[in-house]
Amino acid sequence: MTVDHPEVPLLARGAEQPPTQTHDVALLDLDGVVYVGPDAVPGVPEALQSARDAGMQLGFVTNNAARTPAEVATHLTELGVPAEPTDVITSSQAAATVVAERFGRGASVLPVGGPGVAAALREADLEVVDTAEASPVAVVQGYGRDVGWIQLAEAVVAVRGGATHVATNTDATIPSPRGVLPGNGALVGVVSTVTGQQPLVTGKPDPAMHAECVRRTGARSPLVVGDRLDTDIEGGRRAGAPSLLVFSGVTTPTSLLAAGPEHRPDLIADDVAGLGRPHPAVVRDGDGWRCGAWTATAGDAQALTLTVAGDAGTDDGLDGLRALCVAHWARHRHQGAAPTVQPGQGAVGEALTRWGLTG
C-alpha cells in the first residue's frame, strides 16, 4: 500500500527497498551515531562498510566543534570507518564561513572551545585572538572538554563589549558511555544568561552544513542519519532531505512519540544497520494503524493502545513503535503531544518495557 495522504506522517511510508539502494549518499552525524565517546557504536563499522559495498557514499556532518576535520577523519579511520578530511563537515567550519562572510577576511575573532574552533577560523583567514581586550568583532563558541571559567569570562566581556556571539551549536547534551553529559549548548547558555543576548547559531539544524556536504559529495538523493530530533532530523527537514533516526544516541522512544512535525523522521532504526534493511510501511487498519503484526490505536485523552497478532519475532523490534508513532502523530498532526501508552501483557508488555514506555 502506498501512503501519500498529506495528513499521514512520513514514517508511515516506510521504504520497500533498503536505503542503500535508493539513496546515493548518507549524511551521517557522528556523536551517538558512529561513535559514543571514544568508541564505535557496536556493529557500526561493519554496517557502514556494507553500505559502501552497496554503492552508498558517506559524508560526516557533526555539530561537535572540538576537533579539526583531519582529527575526526583519523579517529574514524582508527575505528574502522575509513575517512578523509574532505568527508567531514564540522560546525566550526560553518561558523567560520558565516563570520568571514559577515565581517570579511582578517577580522579578529575570539574562539571558545576545543582546537577545532580556532583551526577553522584560521583556515577562513580570520585573525584569532585570545582576550576581550583585543576587541574581537565576534566570539565563536564551540564544544571543548577543557572550556572553563576563564574562557567563558573572556567571551562574556567581549560580547558585552559589542562582539557578535556565534555558537557552533546549542546541543544541550552529548552522549557518552556514562550517559548524557553537558554539551555546547549548556555552556553557550552561561554566556547568554550573563550577557542577556541570544547567539547566532550556525550548526545543525541550519541547513548550511548538510548543503555543503551535498555539494562536496555531489549527492542527488541524500539521506540524513542522526540521533537527535532537534538538530539532525529538523536539519534534514530544513535541507529538504529525508531522514533516518537511530536510537544509539540521545533520542528515546518516549521523546520520539512526543515530537512535533518538524522533528518527525521518515525512518527509524536501532542503529545505522538500518541503512541496509527495508522499512515496513504503517497502514490504516480500522480505527488503528498496523505495522507488521502490531496495531496501535489512539483513543481519547491521548491514550495509545498497542496489540500484537501472530508472530512478531520476524521484525527488527521496532514495528510496534512505528505503529504507535503513526497513530499518535496522525491524531496530533500539527504539534507535538506527550502520549499515554496503556500497559500490555506478554509480547506487548515486553516491547513497551524495552522502549521505556511503561510507568
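The values are calculated or read from the model by the stated rules, or taken from the named source; none is laboratory data. It should be emphasised that the depicted structure is a prediction, and the values quoted were computed from it without experimental measurement. Don't worry about glycine lacking a Cβ; one is built from the backbone with ideal geometry, like all the others, and counts go over all protein chains shown.
Please work out if P278 is surrounded by 18 or more Cβ atoms within 10 Å (Cβ to Cβ) and modelled with pLDDT of 95 or more.
Here the answer is no, as P278 does not meet what is asked.
Any residue in segment 257-269 that is part of a loop (DSSP other than H, G, I, E, B) and either aromatic (F, W, Y) or on the phi > 0 side of the Ramachandran plot (or both)?
no
Return a yes/no flag: does segment 108-122 have any residue that is modelled with pLDDT under 95, surrounded by fewer than 20 Cβ atoms within 10 Å (Cβ to Cβ) and not assigned by TED's automatic domain parsing to the domain that holds G226.
Looking through segment 108-122, at least one residue is modelled with pLDDT under 95, surrounded by fewer than 20 Cβ atoms within 10 Å (Cβ to Cβ) and not assigned by TED's automatic domain parsing to the domain that holds G226.
Do you know which residues across segment 293-312 are small (G, A, S) and touching a strand residue (DSSP E or B) at 6+ places or on another chain (Cβ under 9 Å)?
Selection gives A293, A296, A298, G299, A301, A303, A309, A312.
Can you find even one residue in segment 297-304 that is part of a strand (DSSP E or B) and in contact with an Asp or Glu (Cβ under 9 Å, 6 or more places away or on another chain)?
yes
Looking at R215, R220, R264, R237, can you tell me which residue is of a type outside the set (S, T, N, Q) and within 20 Å of P69 (Cα to Cα)?
Unique residue meeting the criteria: R215.
If you take the residues in segment 191-228 that are more than 17 Å from the chain's Cα centre (by Cα) and in a loop (DSSP other than H, G, I, E, B), which one is farthest from G274 (Cα to Cα)?
Looking at the filtered set, the residue picked out is G196.
Only residues in segment 240-266 that are over 20 Å from P19 (Cβ atoms) count as the first member; pair them with residues that are basic (K, R) and crowded, with 23+ Cβ neighbours inside 10 Å, Cβ under 9 angstrom, at least 6 apart or cross-chain, and list the lot.
If the second residue must be basic (K, R) and crowded, with 23+ Cβ neighbours inside 10 Å, the pairs left are V250/R228.
Can you tell me which of T217, T202 is crowded, with 24+ Cβ neighbours inside 10 Å and modelled with pLDDT under 95?
After ruling out the rest, the residue left standing is T202.
Name, by its number, the condition in (1) farther than 23 Å from V225 by Cα; (2) under 21 Å from the mean Cα position of the chain (by Cα); (3) not in a loop (DSSP other than H, G, I, E, B) that does not hold for A338.
Only one criterion in (1) farther than 23 Å from V225 by Cα; (2) under 21 Å from the mean Cα position of the chain (by Cα); (3) not in a loop (DSSP other than H, G, I, E, B) is unmet by A338, namely (3).
Looking at T251, T358, can you tell me which residue is modelled with pLDDT of 95 or more and assigned to a loop (DSSP other than H, G, I, E, B)?
Matching residue, one of T251, T358: T251.
Within segment 309-335, how many residues turn out to be among the β-branched types (V, I, T) and assigned to a helix (DSSP H, G or I)?
The qualifying residues number 1.
Return the residue satisfying two criteria in turn: it lies in segment 78-111 and is over 25 Å from G37 (Cβ atoms) and of a type in the set (G, A, S), and of such residues it is nearest to the chain's Cα centre (by Cα).
Out of the qualifying residues, it is A96.
I233 passes all but one of (1) of a type outside the set (S, T, N, Q); (2) in the same structural domain as G59 (by TED's automatic domain parsing); (3) part of a loop (DSSP other than H, G, I, E, B); which number fails?
In the conditions (1) of a type outside the set (S, T, N, Q); (2) in the same structural domain as G59 (by TED's automatic domain parsing); (3) part of a loop (DSSP other than H, G, I, E, B), I233 misses (3) alone.
Could you please give the count of residues in segment 341-351 that are assigned to a helix (DSSP H, G or I), out of contact with any Pro (no Cβ under 7 Å at 6 or more places or on another chain) and closer than 19 Å to G288 by Cα?
3
Conditions first: (1) modelled with pLDDT of 95 or more; (2) part of a helix (DSSP H, G or I). A26 passes all but one, so which condition is the exception?
Condition (2) is where A26 drops out.
For residues that are exposed (fewer than 13 other Cβ atoms within 10 Å of the Cβ) and not polar (S, T, N, Q), scanning just segment 311-349, find the one that is nearest to V250 (Cα to Cα).
A338
Could you go through segment 216-224 and let me know if any residue there is out of contact with any His (no Cβ under 6 Å at 6 or more places or on another chain) and within 28 Å of L306 (Cα to Cα).
no
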